[in-house]
Amino acid sequence: MNSRESILFDAKPTVYYSIYNNMRRIMQESVDRRSDAIYITFQPHIRMYAENSKPVKTPSYRILLGWQQLYKTKNNNFFAWAIESGHYSNGQSGCAFLPGEEDETMPCSDFHATITDDSNLSDLLNRANGNFSTNTTKLSFNFRFNNLNKFDKPYKVHSFTASWELYHNKFIGLLDFGGYSAFDANVYGRNRFGLGYEYVHAWKPNLRYAIEQKIEIIQGAHPFVEPLRSETTFTVYPFDRNIGIFASYVYGHDNYNYRFVDSGNQIAIGVSWDWFTPFQIKRAEKIREESNQ
């Protein structure tokens, strides 16, 4: 993504802490009822570069409160929407574009005032401990077309997703902490729009694969920032289990906190853990009998 660094390791070990969730029970027992999930999610993003590991490069994490609703149609397709809101930062204290100075000090503010629309932000970025901090809210919509086998388990799935993420100042829209400065707002861009498509196919009893295409557009960022990010991923689950092997190609801006000022091409090969493997959507015979009565 930039000429100064080479990424050796990149991971996103997302964790969900459930507050309330009746989705699996409703999907298995009903025809077209709504189901809900309320949760807290911790989404760290970890990287290792081909260089000395000390000092540790800026981490990246999100802590979000989320609510999802899922509607199952009579044809066993899914429509879902979700809203997640919380904090996104890297926990650093340095000036974002002036190494050696603290954030929110006079030297930092004075230097940021000299940055123009023609400035190369990738060259200026403080990669050691530059501060990145914002509060964020994301609204997502998803529709899944499920083709079921004779055991009522999806074997072909077409999934379409659209999202809008807003960077804002107040935490969950209410509390005045953890937000961005006026300078940050002009660099970040407040809006991020996403589109995605995924095709999942259980090709054989013990072989499942997925093809996914995601696009993100940043609106309102600094002119140096590349607005587009495209991710194309192919994943194989060789034993129809949670663990898969993936290969991906990325074009456009980086997605690691303040490094979205970097852009380029990236190829990755690695391991993916998919917690939500296909399962029986409904107890088919029971529901069909009830529907015919």
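The values are calculated or read from the model by the stated rules, or taken from the named source; none is laboratory data. Because the structure is predicted, anything quoted here is derived from the model rather than measured. Cβ coordinates were reconstructed from backbone atoms using ideal geometry, including for glycine residues, and neighbour counts include every protein chain displayed. Heavy atoms of the whole protein, side chains included, go into the accessibility calculation; ligands, DNA and RNA do not. Shrake-Rupley method; radii C 1.70, N 1.55, O 1.52, S 1.80 Å.
Give me the residue from segment 148-164 that is modelled with pLDDT under 85 and either open to solvent by less than 60 Å² (accessible area, probe 1.4 Å) or within 17 Å of the chain's Cα centre (by Cα) (or both) and, out of that set, farthest from ILE63 (Cα to Cα).
First pass over segment 148-164, keeping only residues modelled with pLDDT under 85: 148-155.
With either open to solvent by less than 60 Å² (accessible area, probe 1.4 Å) or within 17 Å of the chain's Cα centre (by Cα) (or both) added as a condition, the list becomes 148-149, 152, 154.
Values: LEU148: 35, ASN149: 38, ASP152: 36, PRO154: 32 Å.
Ranking the candidates gives ASN149 first.
Which of the strands (runs of 3 or more DSSP E) found entirely inside segment 1-74 contain at least 3 residues meeting this: modelled with pLDDT of 90 or more and open to solvent by 50 Å² or more (accessible area, probe 1.4 Å)?
Numbers: elements: 7-11, 15-21, 34-49, 60-72.
Where strands (runs of 3 or more DSSP E) fall fully within segment 1-74 and carry at least 3 residues being modelled with pLDDT of 90 or more and open to solvent by 50 Å² or more (accessible area, probe 1.4 Å), they are 15-21, 34-49, 60-72.
Select from segment 96-124 the residues that are part of a loop (DSSP other than H, G, I, E, B) and touching a Phe, Trp or Tyr at 6+ places or on another chain (Cβ under 7 Å) and write down the one among them that is nearest to ASN2 (Cα to Cα). Step through it out loud before you land on a result.
Taking segment 96-124 and keeping what is part of a loop (DSSP other than H, G, I, E, B), we get 96-101, 103-105, 113-120.
With touching a Phe, Trp or Tyr at 6+ places or on another chain (Cβ under 7 Å) added as a condition, the list becomes 96-98, 115, 119-120.
Details: ALA96: 17, PHE97: 16, LEU98: 18, ILE115: 20, SER119: 16, ASN120: 12 Å.
Looking at the filtered set, the residue picked out is ASN120.
Put simply, of ASN191, ASN265 the only residue that is polar (S, T, N, Q) and modelled with pLDDT under 95 is ASN265.
The single residue among TYR197, TYR167, TYR249, TYR209 that is in contact with a helix residue (DSSP H, G or I) (Cβ under 6 Å, 6 or more places away or on another chain), surrounded by 13 or more Cβ atoms within 10 Å (Cβ to Cβ) and outside any loop (DSSP other than H, G, I, E, B) turns out to be TYR167.
Scanning segment 92-106 for residues that are open to solvent by 70 Å² or more (accessible area, probe 1.4 Å) and out of contact with any helix residue (DSSP H, G or I) (no Cβ under 8 Å at 6 or more places or on another chain) yields PRO99, GLY100, GLU104, MET106.
Based on this model, can you work out whether SER181 counts as out of contact with any strand residue (DSSP E or B) (no Cβ under 6 Å at 6 or more places or on another chain), open to solvent by 20 Å² or more (accessible area, probe 1.4 Å), under 24 Å from TYR256 (Cα atoms) and of a type in the set (S, T, N, Q)? Working first, answer last.
Working: out of contact with any strand residue (DSSP E or B) (no Cβ under 6 Å at 6 or more places or on another chain): yes; open to solvent by 20 Å² or more (accessible area, probe 1.4 Å): yes; under 24 Å from TYR256 (Cα atoms): yes; of a type in the set (S, T, N, Q): yes.
It is true that SER181 is out of contact with any strand residue (DSSP E or B) (no Cβ under 6 Å at 6 or more places or on another chain), open to solvent by 20 Å² or more (accessible area, probe 1.4 Å), under 24 Å from TYR256 (Cα atoms) and of a type in the set (S, T, N, Q).
Looking only at segment 107-141, residues that are open to solvent by less than 10 Å² (accessible area, probe 1.4 Å) and more than 17 Å from ARG259 (Cβ to Cβ) come to 2 in all. The single condition among (1) touching a residue at least 24 places away in the same chain (Cβ under 8 Å); (2) open to solvent by 50 Å² or more (accessible area, probe 1.4 Å); (3) among the aromatic types (Phe, Trp, Tyr); (4) closer than 25 Å to SER89 by Cα that PHE239 does not meet is (4). Taken over segment 210-257, residues that are β-branched (Val, Ile, Thr) and under 18 Å from ASN186 (Cβ atoms) amount to 3.
Being under 22 Å from GLN43 (Cα atoms) and in contact with a strand residue (DSSP E or B) (Cβ under 7 Å, 6 or more places away or on another chain), is that true of even one residue in segment 141-152?
So the first thing to find is which residues in segment 141-152 are under 22 Å from GLN43 (Cα atoms), and the list is 141-142.
Going one step further and asking which of them are in contact with a strand residue (DSSP E or B) (Cβ under 7 Å, 6 or more places away or on another chain), we end up with 141-142.
Within segment 141-152, one or more residues are under 22 Å from GLN43 (Cα atoms) and in contact with a strand residue (DSSP E or B) (Cβ under 7 Å, 6 or more places away or on another chain).
If I ask for residues that are under 25 Å from the mean Cα position of the chain (by Cα) and closer than 24 Å to LEU166 by Cα, which ones from segment 87-129 would you list? Walk me through how you get there before you give the answer.
Within segment 87-129, the subset under 25 Å from the mean Cα position of the chain (by Cα) is 87-93, 96, 121-122, 125-129.
Selection gives HIS87, TYR88, SER89, ASN90, GLY91, GLN92, SER93, ALA96, LEU121, SER122, LEU125.
Quick test for you: out of GLU212, GLU216, GLU231, pick the one residue that is of a type outside the set (Phe, Trp, Tyr), within 20 Å of ASN265 (Cα to Cα) and out of contact with any Lys or Arg (no Cβ under 9 Å at 6 or more places or on another chain).
Numbers: GLU216 fails: out of contact with any Lys or Arg (no Cβ under 9 Å at 6 or more places or on another chain); GLU231 fails: out of contact with any Lys or Arg (no Cβ under 9 Å at 6 or more places or on another chain).
Unique residue meeting the criteria: GLU212.
When the test is whether a residue is open to solvent by less than 40 Å² (accessible area, probe 1.4 Å) and in contact with a strand residue (DSSP E or B) (Cβ under 7 Å, 6 or more places away or on another chain), PHE234 does not pass it.
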